[in-house]
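This report refers to the structure that appears directly beneath it.
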Amino acid sequence: MSELRKLPVALIAALALGLAATFLALKGDPGFGAAAFGPWTSRPRLGSADIDPYARAATAVEGAVPLGSGEGLAFVARADDAGAPLDSRCDYIVSGAALPARFWTLTAYDVEGRLRPNPAGRYGLTSAALLRRADGAFSIVAAREARPGNWLPLGSRSRFTLVLRAYEAASSSVGGPFEGLVMPRIARGECS
């Protein structure tokens, strides 16, 4: 009789453990097939037919429509180069050289994946509209307050993520390695 009383407790514990593991798999860092470049992470198989089941489930939960494998790649950064979480109370310098893509965008999102409201009403920058140095390198200031040059408004909410989408990227073939790919640096500036 005492063994029968233990059964509901074991079932509840198993259910809770299963739900917790599922939540962590869907909301945690991408595991299978993820490629990391400093603070930037990409899942190159996300838009292909051979997507892993965890990434497929996470995409369904988020309601996101990933780029197709022939369209390009999305890179997500939740931290700066030093590993500190991105926080709009600080300014960031996103800098680098031209990416191996026909066109790319840089957008700031809140941690839930929504565009960040800001007074400028501008949510991202494109590679076609950037001011560049003579050698083709660029520097973008991500900050709450307006800055001269390439400015990405962050709005007032604290935590955020940066998403860089590279369209028709040279390294977007699912089977190919990311040889020589150098992603933009994310350096923290002053904090208020």
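Laboratory data are not the source of any read-out in this text; all were calculated from the coordinates shown. All figures in this text were calculated on a predicted structure; none of them were measured in a lab. Because the Cβ atoms are built from the backbone with ideal geometry, glycine has one as well, and the counts that use them run over all protein chains shown.
Quick one: length gained pulling Ala120 to Ala84 fully straight, 0.36 nm per residue minus the C-alpha distance?
Values: separation 36, 0.36 × 36 = 12.96 nm, distance 2.62 nm.
Separation in residues times 0.36 nm, less the Cα-Cα distance, equals 10.3 nm.
Taking the simple approach of a point 7 Å from Cα along Cα-to-Cβ for both Ala128 and Trp151, what is their distance in nm?
It is 2.4 nm.
Given H placed 1.01 Å from N in the peptide plane, which residues other than close sequence neighbours of Ala101 have an amide H under 5 Å from its amide H?
Ala170
So, in nm, how far is label Lys6 from label Glu71 when the simple model puts each one 7 Å beyond its Cα toward the Cβ?
5.3 nm
With r defined as the distance between the Cβ atoms of Asp135 and Leu19 and R0 fixed at 41 Å, what FRET efficiency is calculated, to the nearest 0.05?
Once the sixth-power term is evaluated, E becomes 0.20.
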